[in-house]
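Heads up, the thing below is written out as structure tokens.
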Amino acid sequence: MNLIPFLDDLESRLDPSVEDDLEAQWKTFIFHGWDASPFFSPRRIKATPSKIEWPWPSTNSTLGDDNESFDRMALQQLCCASGTLSGTGGSLLNVRSNYGTGILPSLFGAPVAVMEKQYELLPTATAIPGGLNAIRNLVATETPCHETGWGARVFEMGRRFKKMFEPYPNIKRYVHLYHPDIQGSLDVAEMCVGSNLFLALYDEPELMLAFLDRITTSYIHFLDAWFELAPPPNPEYSIHWGAMHRGHAMLRTDSGMNLSPEMMEQFSLPFDARILKKFGGGVHSCGKVDHYYGLVASLAGCHCLNLSQPEYNDMEKVYRETIDRGVRLFSHPATECKRIAEARRANTRLVHSA
């Protein structure tokens, strides 16, 4: 596949003055808070539509480990950047090795489940065969290499992005290569063990703590290797999902919705704390999270949080635990931003509207 016409198109449309202005808006938000409106809603000062047609490769066609699949992955990610440039929205430009949530579980031998083509969904992982006996064996082995399992294609795609961006100064500067979706330690444990994890936390707590420790060590090794390949744009901040945030890691704690605060303190927070202490960053969660968001927000190095479903949460409780304590919320649903703006809720200058 010839990617040069698409790279040339993107390079020609990137205006450093526009991107610098947008980055300046984000830096004001993450370091000082946004005072120009009730919440932060950044905008490009101009749109630059493409003059060529960008095809959209299907998700499944990007997942292989052959040259054509890597090219389609690059084209799909760059297509998203092209679409962003075509409008005046406030997302920064970024791409990633986009192989779904099963990346880190695959390092431990969890099978990767690829969805049927028509669903256009990224892969996930299924439980490691052998149940808890397999987990005991894993705990007794060395930390897996970051390029085992699907890690191999993740890093290969990263190297290819770096190489293809090199001749294009605007792309190299303004299209950020952000870290892959390696979830969080508890989420990885759930994929590796399956839903039986929630029984095992009661029945085999020491085994689960040992496995979570092993996952966390692998997580840190993986990010160390990734940031060696693709250093963040600045020692103080990173780009993730088109948003700028302080720190360099973006954890997920989706599995936490199923645990009490006490269980979170035992089986999630110590491991999240290790990652955030080293890299700093933010945490994303789906579902109902108001019962533990205060605990997560209090971790050293946690600078921002993202929850995708405010309708399932006591949002006033969330706001007391986050923005009232200086922890920013990013990519917050626009309907909820509108609601709190109309209610004249305090501290909304620390909320980024999606």
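Here are the numbers:
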item: Among (1) in contact (Cβ under 8 Å) with a residue 60 or more places away in the chain; (2) in contact with a strand residue (DSSP E or B) (Cβ under 9 Å, 6 or more places away or on another chain); (3) farther than 23 Å from residue 284 by Cα - the single one residue 179 does not satisfy; result: (3)
item: Residues satisfying the stated conditions in the stretch 81-98, i.e. over 12 Å from the mean Cα position of the chain (by Cα), of a type in the set (Ser, Thr, Tyr) and either under 22 Å from residue 156 (Cβ atoms) or not in a loop (DSSP other than H, G, I, E, B) (or both); result: 82, 84
item: Selected residue (criterion: surrounded by the most Cβ atoms within 10 Å (Cβ to Cβ)) from residues of the stretch 60-74 that are among the aliphatic types (A, V, I, L, M) and over 18 Å from residue 172 (Cβ atoms); result: 73
item: Residue tally, condition loosely packed, with under 14 Cβ neighbours inside 10 Å, touching a Pro at 6+ places or on another chain (Cβ under 9 Å) and not hydroxyl-bearing (Ser, Thr, Tyr), over the stretch 286-337; result: 1
item: Selection within the stretch 310-354 - free of Cβ contacts under 8 Å to residues at least 60 places away in the same chain and either among the hydroxyl-bearing types (Ser, Thr, Tyr) or part of a strand (DSSP E or B) (or both); result: 312, 319, 322, 329, 335
item: Unique residue being surrounded by fewer than 21 Cβ atoms within 10 Å (Cβ to Cβ) and farther than 30 Å from residue 5 by Cβ when the list is 213, 187; result: 213
item: Elements of type helices (runs of 4 or more DSSP H) in the stretch 124-240, at least 3 residues being within 28 Å of residue 257 (Cβ to Cβ) and at pLDDT 95 or above; result: 131-139, 185-193, 197-203, 205-229
item: Residues (crowded, with 21+ Cβ neighbours inside 10 Å and farther than 14 Å from residue 94 by Cβ) located in the stretch 227-250; result: 247, 249
item: Pair list, Cβ under 7 Å, 6 or more apart: the stretch 284-302 residue at positive phi, other residue among the charged types (D, E, K, R) and at pLDDT 95 or above; result: 301/277
item: Residue, nearest to residue 104 (Cα to Cα), within the stretch 251-263, restricted to residues that are surrounded by fewer than 24 Cβ atoms within 10 Å (Cβ to Cβ) and in contact (Cβ under 8 Å) with a residue 12 or more places away in the chain; result: 252
item: Subset of the stretch 22-36 [loosely packed, with under 12 Cβ neighbours inside 10 Å and either closer than 30 Å to residue 114 by Cβ or in contact (Cβ under 8 Å) with a residue 24 or more places away in the chain (or both)]; result: 31, 35
item: Positions within the stretch 198-252 being of a type in the set (Asp, Glu), closer than 14 Å to residue 276 by Cα and out of contact with any strand residue (DSSP E or B) (no Cβ under 9 Å at 6 or more places or on another chain), in sequence order; result: 224
item: Matching residues in the stretch 102-123 - criterion: being out of contact with any helix residue (DSSP H, G or I) (no Cβ under 6 Å at 6 or more places or on another chain), part of a loop (DSSP other than H, G, I, E, B) and crowded, with 22+ Cβ neighbours inside 10 Å; result: 102
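Condition check ((1) within 18 Å of residue 103 (Cβ to Cβ); (2) not small (Gly, Ala, Ser)) across all residues:
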residue: 143; (1), (2): yes, yes
residue: 160; (1), (2): yes, yes
residue: 166; (1), (2): no, yes
residue: 182; (1), (2): yes, yes
residue: 194; (1), (2): yes, no
residue: 206; (1), (2): no, yes
residue: 211; (1), (2): yes, yes
residue: 224; (1), (2): yes, yes
residue: 231; (1), (2): no, yes
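The values are calculated or read from the model by the stated rules, or taken from the named source; none is laboratory data. From a predicted model like this one, the values you see are computed outputs, not experimental measurements. Neighbour counts are summed over all protein chains in view; Cβ atoms, including those assigned to glycine, are modelled from backbone coordinates with ideal geometry.
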